[in-house]
There are 2 protein chains.
Amino acid sequence: MTDTTPTATARHWLARFEQALATRDIDGAVALFADTCFWRDLVSFTWNICTQESPAQIRAMLQARLDDVAPSNWQLEGEATAADGVTEAWFTFETRLSRGRGLLRLQDVGGQPRAWTLLTTMVELKGFEEKTGTRRVAGAEHGVHKGRKSWAEQRAEEQAALGTTTQPDVVVIGGGQGGIALGARLRRLGVPTIIVEKNARAGDSWRRRYKSLCLHDPVWYDHLPYLNFPDDWPVFAPKDKIGDWLEAYTKIMELNYWSATTAQHCRWDEAAGRWEVQVLREGRPVTLRPKELVIALGVSGYANVPKIPGAESFLGEQHHSSQHPGPDACKGKRVVVLGSNNSAHDICAALWENDVDVTMVQRSSTHIAPSAALMELALGGLYSEQALKNGIDHHKGDLIFASVPYKIMHTFHIPVYEEMQRREADLYGRLAKAGFMLDFGADGSGLFMKYLRRGSGYYIDVGASELVANGSIKLKSGVNIERIHPRSVTLTDGTELPCDVLVYATGYGSMNRWLADLISPEVADRLGKVWGLGSDTPKDPGPWEGELRNMWKPTQVPHLWVHGGNLHQSRHYSQFLSLQLKARVEGLPTPVYGQAAVHHTA
Amino acid sequence: MTDTTPTATARHWLARFEQALATRDIDGAVALFADTCFWRDLVSFTWNICTQESPAQIRAMLQARLDDVAPSNWQLEGEATAADGVTEAWFTFETRLSRGRGLLRLQDVGGQPRAWTLLTTMVELKGFEEKTGTRRVAGAEHGVHKGRKSWAEQRAEEQAALGTTTQPDVVVIGGGQGGIALGARLRRLGVPTIIVEKNARAGDSWRRRYKSLCLHDPVWYDHLPYLNFPDDWPVFAPKDKIGDWLEAYTKIMELNYWSATTAQHCRWDEAAGRWEVQVLREGRPVTLRPKELVIALGVSGYANVPKIPGAESFLGEQHHSSQHPGPDACKGKRVVVLGSNNSAHDICAALWENDVDVTMVQRSSTHIAPSAALMELALGGLYSEQALKNGIDHHKGDLIFASVPYKIMHTFHIPVYEEMQRREADLYGRLAKAGFMLDFGADGSGLFMKYLRRGSGYYIDVGASELVANGSIKLKSGVNIERIHPRSVTLTDGTELPCDVLVYATGYGSMNRWLADLISPEVADRLGKVWGLGSDTPKDPGPWEGELRNMWKPTQVPHLWVHGGNLHQSRHYSQFLSLQLKARVEGLPTPVYGQAAVHHTA
């Protein structure tokens, strides 16, 4: 009797794959893949974040890397599963330098299992494991030692010395969720790091946003590394609660977090082989000299404020959404909000809740994704109470999420949004009737692909769309503001709107502007555009990149890194960025395979 | 074929038990117990923490409580196991008012399974469940509402109002681990609570102790409710790290934590049916009027400082261990430490580490439990990485721990300490040779029983015993200090020791002294002695109580409760105290069965 369980199928494939790799039989290894195949590697084979998208690319990567990586000890983890002709299996493996974990999807090709997608990820560097679980330090169990210092004394000494008498290996500029998550991982890896944050307290980047803001992603998707939110947290956490959590987290994780500190200028000091980072710490100039510099300022840059004729004549209050104080200051006033994405909707809804007269000006079409449908259809399988019940916590969810190659990701999403259109037909119909211009992305692939490609163009509906549909939030669509007058604005269709407060919910510019100011325009251009996949859709020009540009991986500027994204990405990708930084700091060989070329400055 | 798996045996017993209880067949229910049997109930049947220690006691309890409790829906949880003739099974059940969880141990009696130990615990009150997991509040998903307030606004309003325009239902005096753990549970249950703490910051009660202090219990045993320590925490956490954790925890859990606040006087206001609690909050008098008052000041009271002739003539520095600043202030001085328990050993070791000349004066015998052996032999099965690997997290560990009746607990411990004596024979031999007076408790049951019976008399050895054995810490044993001179002390054997610093590591008095001062001597006496089991061993006079006196359960003083213990107890028993308080605040009927009489004032 042939043993044809999914587990047996996967074990058999994995054994053949291991054998081919061990004997450096690259033809044999490549032959185990289907014609349409993808191997996504997070740092373990390539010291890069990159996806090989064909047998030929896989062959080239193995030819370049196999001898050096020397993979071994491939082991199935748990039982494989099969559905819709695809066998899915978790596994662990080792390389010369690291231990890893992966996810494999097999298809039947002419009676033989062949790999369709393969994900390999680095979990830890051998000899540099985190001191967790059975590796915990004992603390008091060490016995007695002459001259021993207490934890508090050691910590105080470290804080006094780092950045003055000793230098950090890594400086992270930006102390939001990205910098904090990365800092926590580097701390566990024993990499001396300083996080530079301009605000007075960790979490202020959330606290300072508009009053009504809650996360648009659900709680299961948003955990930071190492410490989950308590299980009574609301599904969508309020901004101040997140701010307080981030602040507590920096303390619990013992981060060297320099708040009230602004980065002034950074320069690579070729002679010293280190960066020179000039900061103002609580007004006092300090020069830091790290080996590696991470920019974690968010993937967007300066606030975009369009130049509109007459703006200087306006007698009311005008500000970018990032400066919007919330509805209290707008009582009794007429507010115009320019823009129709997340912030515009949230701000309009909060104004309506406080009986403020508000008009939204929609310039171009927007993707609306009702939160409940989004949670159920798009995220629920990986991030929800139900997922937890099914044994998928966010660690597992992150890897499943990461295992879908960007090249075909839209094909996974299009059916989700087709279903969303069916399910939410009533709301979409009424929005259209109210004049709201809807889209579902260039190819109908919806929210997450828009996020990856351009980082804009959508609203996760937590209530405001109903207000737009029923006219509670007034809408002017397909227009822009042509001119601003002292107490009104004129739209491009000639309408004049009375206006006491004008809110520019017009997004953010490219992060490269910050890089240009902080380092130099030349370095910003050498690094090139950040974010986007090269999908050749609006705001994401080709050629195809295969991965997000410049995020969490080596850039064309040595020792300069970009970290960020939403809470999920900050958590998940900080793992791979921290391992890349640790390897460099420890002087391990880190030859980068498939370094992306720069096709666009920003 | 007879189905004789442990699970089938347990299921069969549970079904018969359920049937007997459902039909109010008390004879039938009692017949399901062995002659030697124990039913420990944590609040679910008795609104008390009490153990029935015989079939007759079980019968009496059921006669009094069965109709009212109306238990139902007894369900095995997972598979039962069998070892050494005992079948062990987890189960869930309901009462009229609550849902519960329990642990059952069956013995074979003449071919029939009979209950040897039964633990029933309350998990939640029906209709008052914590909003966790699938019960989370949605946050932003609620949609839009006129006049909605943000989380930060609501929280600020609550903090401004509570204790001024609104009154808390519960006031907890003492904001150490006990008050904080209870506060977190009450918060989740929606019971308005203020925690009063004299120190400036949460965690200061740990921070202010001697510099070298680390927890003597391992990390797995010490978690607070709802939020585990991160998995890289040292096995024995340093005091300042615990202090910082407690401070972060109070913020994360959104406790109404009044630091820098001292309780001045408490009085039950019969007319109002509330307490009147006078506090000084940052120097400003405030009167709080809670329904229930919890004393969480630690189970010990004022520092014990023996009156020794000549103390007033001493020209050096003398202080109680609770005031000991650590070794830095003692450099170059000759230190005498009076006492030989945990604090004495820790202080002596830290002094030796800093090259300070130190002598320990041991008045009576001490139980020494080497930490590694203690962890492995006594705690490892329930609280360790190995336990986690075996599927026993601290939630499960706490219930297994709680399921062993106090009456027979020493019989579980005696073999552990016999093994410890074998394993550590070398250390014990050398300690004895150095003159150190050893004991293993009145009946050889060791550390934990000493802790429960008298709360003193031991050192968990994390290194100092070696220093005593090898003479690095000088030892004078079987003596006391007879007289203090300006620069020396004379011992009862006539020896004179030069002395610049005298540390009284002489423990603490009864908590009732605090109650007497805070409320009145009459109320302190009415409540009676706190802690201890009535084991009729030194410092724990009989009669037998069956449970710790006055801890976490109704006392003879209505609306007055005592909470505390180590981190494990603060975590575990805060669950049952919080449910008792919640039930009373909600006006549920809470008839107490088996209310303990007071046999001793303190």
>> Out of the total accessible area of the protein assembly as shown (probe 1.4 Å, heavy atoms of protein only), what percent is carbon and sulfur?
In response: 49 percent
> So for chain B: antiparallel DSSP bridges make up what percent, rounded to the nearest 5?
Replying inline: 55 percent
> Taking the Cα atoms of region A:362-492, what is the range of coordinates along each of the three principal axes, in descending order and whole Å?
Replying inline: 58, 28, 26
>> Could you identify the residue of A sitting closest to the A-B rotation axis by Cβ and state that distance rounded to whole angstrom?
In response: A:Ala248, 2
> Is there a simple number for the mean count of other chain Cβ atoms within 10 Å of the Cβ of residues in A:226-233, and what is it?
Replying inline: 6
> Under unit Cβ charges (Lys, Arg +1; Asp, Glu -1), what dipole magnitude, rounded to 20 debye, does chain A have relative to its Cα centre?
Replying inline: 1260 debye
>> Checking the a/c ratio against 1.5 first, then a/b against b/c, what shape does the Cα gyration tensor give for region A:1-158?
In response: prolate
> Using a simple charge model, +1 on the beta-carbon of Lys and Arg, -1 on the beta-carbon of Asp and Glu, nothing else, what dipole does region B:195-293 show about its Cα centre, in debye to the nearest 20?
Replying inline: 440 debye
> If amide H atoms are built 1.01 Å from N in the plane of the peptide, which residues on other chains or at least 5 residues away come under 5 Å of the amide H of A:Leu438?
Replying inline: A:Thr366
> Out of B:Phe576, B:Leu515, B:Pro538, whose Cα points farthest toward the positive end of the dipole of region B:475-602 (charges: +1 Lys, Arg; -1 Asp, Glu; placed on Cβ)?
Replying inline: B:Phe576
>> Can you work out the Karplus-derived ³J(HN,Hα) for every residue in region A:231-245? Use 6.51 cos²θ - 1.76 cosθ + 1.60 with θ = phi - 60°, whole Hz, and x for glycine or proline.
In response: 7, 9, 5, x, 4, 10, 6, x, 4, 6, 5, 5, x, 5, 4
> Amide H neighbours of A:Gly310 under 5 Å, counting only residues 5+ apart in sequence or on other chains, H built in-plane at 1.01 Å?
Replying inline: A:Ile484
> Which of B:Phe236, B:Asn199, B:Leu280 sits farthest toward the positive end of the charge dipole of region B:165-312, with +1 on the Cβ of Lys and Arg and -1 on the Cβ of Asp and Glu?
Replying inline: B:Leu280
>> What does the C-alpha gyration tensor say about the overall shape of chain B? Classify as rounded when a/c is under 1.5, otherwise prolate if a/b is larger than b/c, or oblate.
In response: oblate
>> Please report, for B:Ile408, the nm distances (one decimal) from its label point, 7 Å out from Cα along the beta-carbon direction, to the equivalent points in the remaining copies, shortest first.
In response: 6.1
> In terms of the Cα gyration tensor, with a ≥ b ≥ c the square roots of its eigenvalues, is region B:185-319 rounded because a/c is under 1.5, prolate because a/b exceeds b/c, or oblate?
Replying inline: oblate
>> Name the residue from B:Leu447, B:Leu427, B:Leu467 whose Cα lies farthest towards the positive end of the charge dipole of region B:427-480, charges +1 on Cβ of Lys and Arg and -1 on Cβ of Asp and Glu.
In response: B:Leu467
>> Quick one: 3J(HN,Hα) in Hz for region B:466-476, Karplus 6.51/-1.76/1.60 with θ = phi - 60°, rounded, Gly and Pro as x.
In response: 4, 5, 6, 4, 9, x, 5, 8, 6, 10, 10
> Counting each DSSP H run of 4 or more residues in chain A as -39500 (n - 2.57), what helix-only mean residue ellipticity at 222 nm follows after dividing by all residues, to the nearest 500 deg cm²/dmol?
Replying inline: -9000 deg cm²/dmol
> Per residue, how many Å² of accessible area does chain A show with a 1.4 Å probe?
Replying inline: 38 Å²
> Which percent, nearest 5, of DSSP beta bridges in the protein assembly as shown are antiparallel?
Replying inline: 55 percent
> Hey, for B:Thr36 with labels 7 Å out along Cα-Cβ, what do the inter-copy distances come to in nm, ordered shortest first?
Replying inline: 7.1
>> Below 19 Å, Cα to Cα, which aspartates and glutamates can A:Lys307 reach? Residues fewer than 8 away in the same chain don't count.
In response: A:Glu317, A:Glu482, A:Asp493, A:Glu496, A:Asp500
> Residue by residue, what Karplus-based ³J(HN,Hα) values in Hz, rounded to whole numbers, does region A:510-517 have, using 6.51, -1.76 and 1.60 with θ = phi - 60° and x for Gly and Pro?
Replying inline: 6, 4, 4, 4, 5, 4, 4, 6
> Can you give the accessible area buried between chains A and B, summed over both chains, with a 1.4 Å probe, in Å² to the nearest 100?
Replying inline: 4800 Å²
> So how compact is region B:107-239: Cα radius of gyration and Dmax in angstrom?
Replying inline: 21.1, 71
> So, by mean Cβ neighbours within 10 angstrom, what's the order for A:419-431, B:184-196 with the highest one leading?
Replying inline: B:184-196, A:419-431
> Quick one: in the protein assembly as shown, what % of C-alpha pairs are over 60 Å apart?
Replying inline: 20 percent
> Per residue of B:353-366, what is the mean number of Cβ atoms on other protein chains within 10 angstrom of that residue's Cβ?
Replying inline: 1
> In nm, one decimal, shortest first: how far is the label point of B:His599 (7 Å from Cα along Cα to beta carbon) from the matching points in the other copies?
Replying inline: 8.4
>> If packing is taken as the average number of other Cβ atoms within 10 Å across a peptide's residues, how do B:92-104, B:238-250 rank, most packed first?
In response: B:238-250, B:92-104
> Can you give the mean number of other chain Cβ atoms that lie within 10 Å of the Cβ atoms in peptide B:454-467?
Replying inline: 2
> About its Cα centre, what dipole magnitude does region A:341-484 give when the only charges are +1 on Lys and Arg Cβ and -1 on Asp and Glu Cβ, stated in debye to the nearest 20?
Replying inline: 500 debye
>> Binning at 10 angstrom from zero up to the longest distance, how are the C-alpha pair distances of region B:442-596 distributed in percent?
In response: 8, 26, 29, 20, 12, 4, 1
> If the limit is 24 Å between Cα atoms, which of B:Lys529/B:Lys553; B:Lys239/B:Lys291; A:Lys433/A:Lys474; A:Lys239/B:Lys149 go over it?
Replying inline: B:Lys239/B:Lys291
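The values are calculated or read from the model by the stated rules, or taken from the named source; none is laboratory data. Everything numeric here is computed off the predicted structure, so don't read it as measured data. Note that each Cβ is placed from the backbone with ideal geometry, even for glycine, and that neighbours are counted across all protein chains shown. Note: areas computed on protein heavy atoms with side chains; ligands, DNA, RNA excluded. Shrake-Rupley method; radii C 1.70, N 1.55, O 1.52, S 1.80 Å.
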